[in-house]
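The values are calculated or read from the model by the stated rules, or taken from the named source; none is laboratory data. Remember, it's a predicted structure, so these values are computed and weren't measured experimentally. All Cβ positions, even for glycine, are placed from backbone atoms using ideal geometry, and neighbour counts span all protein chains on display.
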Ligand SMILES: [Mg+2]
C-alpha cells in the first residue's frame, strides 16, 4: 500500500534537475510545487540560483507551471516576477489541477514531470495520474500548520520505504 507514495526519482534539490537530462527523456514540461520545493515556505521570492534554473529551463524550451495548495496571494506574488504560470489552491493530491496544468501547457501526460517535497500531496497526486514524479528534500526543516500534520504520517511512510531499500537521497 505504500507503493503509491514511491516517487520515480529523488534528489536533494530542484537545482539538481537539469534541462539536458529531461530532454533526453522527452520531457517538455515541469509541474512543480512551491513551498519547500522551490523555496522555504516562508520565503516570498525566488533565490538568484532558482531564477537561473527557471531561465535555463525556458532557454531549453521546457515549460514550467507552479501548482501549489497555497493561497492565490502567496503563489501569485512568487510567480508573477518570474513570469511563470501557476495554479493556486490546487487541492493536491486531487489530480484535477495537475490535469489542468498539463492541458494549459499543451502537453501530454508522458511529456511532463511533477516535482515536489511531499509524499502525501505531490507524489501521491502525480502517481494517481500516472505522471513521472521527482521528490526533493524540503528546503526548510519547518513547515506551515497543515503540512506539519501530513509530515507525521509521511515520516512513517518514508521510514518504511527506506527500510525496504526503495528510497535513498542521491548525492
Ligand atoms: Mg511543498
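General observations
- Selected residue (only one of 77, 60, 101 is more than 13 Å from the ligand (Cβ to nearest atom) and crowded, with 19+ Cβ neighbours inside 10 Å): 101
- The residue of the range 17-45 that is nearest to the ligand (Cβ to nearest atom), among those that are in contact with a helix residue (DSSP H, G or I) (Cβ under 9 Å, 6 or more places away or on another chain) and more than 22 Å from residue 98 (Cα to Cα), is 43.
- Scope the range 105-126; condition within 16 Å of the ligand (Cβ to nearest atom), assigned to a helix (DSSP H, G or I) and in contact with a helix residue (DSSP H, G or I) (Cβ under 8 Å, 6 or more places away or on another chain); matching residues: 119, 120, 121, 123, 124, 125, 126
- Top-ranked residue in the range 14-25 [being at pLDDT 95 or above and not in a helix (DSSP H, G or I); ranked as farthest from residue 93 (Cα to Cα)]: 18
- Matching residues in the range 71-95 - criterion: being within 25 Å of residue 27 (Cβ to Cβ) and not in a helix (DSSP H, G or I): 83, 84, 85, 86, 87, 88, 90, 91, 92, 93, 94, 95
- Note on the range 150-168: residues that are away from the ligand (no atom under 13 Å from the Cβ), under 19 Å from the mean Cα position of the chain (by Cα) and modelled with pLDDT under 85 amount to 2.
- Residues being touching a helix residue (DSSP H, G or I) at 6+ places or on another chain (Cβ under 7 Å), under 16 Å from residue 70 (Cα atoms) and outside any loop (DSSP other than H, G, I, E, B) - total across the range 128-171: 1
- Checked against the criterion of being over 27 Å from residue 47 (Cα atoms) and surrounded by 21 or more Cβ atoms within 10 Å (Cβ to Cβ), the candidates 155, 127 yield just one match: 127.
- Meets criteria (closer than 24 Å to residue 27 by Cα, in a loop (DSSP other than H, G, I, E, B) and over 13 Å from the mean Cα position of the chain (by Cα)) for residue 46: yes
- Positions within the range 26-39 being within 16 Å of residue 122 (Cα to Cα) and part of a loop (DSSP other than H, G, I, E, B), in sequence order: 33, 34, 36, 37, 38
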